[in-house]
Amino acid sequence: MKRRVLLADDDPALRRLIGTTLGTEDFDLLQAVDGEEALRIARQEHPELVLLDVNMPKLDGFEVCRHLKSEPETSGIKVVMLTARAAEVDRARGREAGADDYFIKPFSPVQLLNKVYALLG
């Protein structure tokens, strides 16, 4: 069975890169372009993992993460924050929102794949 992953990022180039990376590993990749869409898809499709950009339209990644982690039906979904913000204060915000990990852009596809496998077991 394919592992279901939701990628929420408003950058089409990054969505293509991650889509290609995860697609070669036989993941079922769902995609969202803003925070509201990410929440809707996560609630409907129940992915095992959400790769969540911090800076998105409508709802930012921190808000989406807080919603996911506070709702019983989505609280078990693993969340990785994807961001160019490397400051410790931003990492702390991610942890406070309930993120399982925090991944700094830019990153290599291999690094991302290793992170996904580590979180999904």
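Quick look at the values:
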| read-out | value |
| --- | --- |
| Filter result for the condition that a residue is crowded, with 17+ Cβ neighbours inside 10 Å and over 13 Å from the mean Cα position of the chain (by Cα), over Arg43, Arg93 | Arg93 |
| In region 56-76, residue surrounded by the most Cβ atoms within 10 Å (Cβ to Cβ) [restricted to those that are among the charged types (D, E, K, R) and within 16 Å of Gln44 (Cα to Cα)] | Lys69 |
| Answer residue from region 70-92, given it is under 26 Å from Arg4 (Cα atoms) and basic (Lys, Arg) and is modelled with the highest pLDDT among those | Lys78 |
| Residue under evaluation Ala99, criteria (1) surrounded by fewer than 17 Cβ atoms within 10 Å (Cβ to Cβ); (2) among the hydrophobic types (A, V, I, L, M, F, W, C); (3) under 13 Å from the mean Cα position of the chain (by Cα), criterion not met | (1) |
| Check on Leu49, at pLDDT 95 or above, buried (at least 17 other Cβ atoms within 10 Å of the Cβ) and within 24 Å of Gly19 (Cβ to Cβ) | yes |
| Test result for Gly76, in contact with a helix residue (DSSP H, G or I) (Cβ under 7 Å, 6 or more places away or on another chain) and of a type in the set (Gly, Ala, Ser) | no |
| Scan of region 1-18 for residues that are among the small types (Gly, Ala, Ser) and surrounded by 15 or more Cβ atoms within 10 Å (Cβ to Cβ), ordered by number | Ala8 |
| Qualifying residue in region 103-111 (condition: part of a helix (DSSP H, G or I) and touching a residue at least 24 places away in the same chain (Cβ under 8 Å)) | yes |
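The values are calculated or read from the model by the stated rules, or taken from the named source; none is laboratory data. Keep in mind that what you see is a predicted model, and the values were worked out from it rather than measured. All Cβ positions, even for glycine, are placed from backbone atoms using ideal geometry, and neighbour counts span all protein chains on display.
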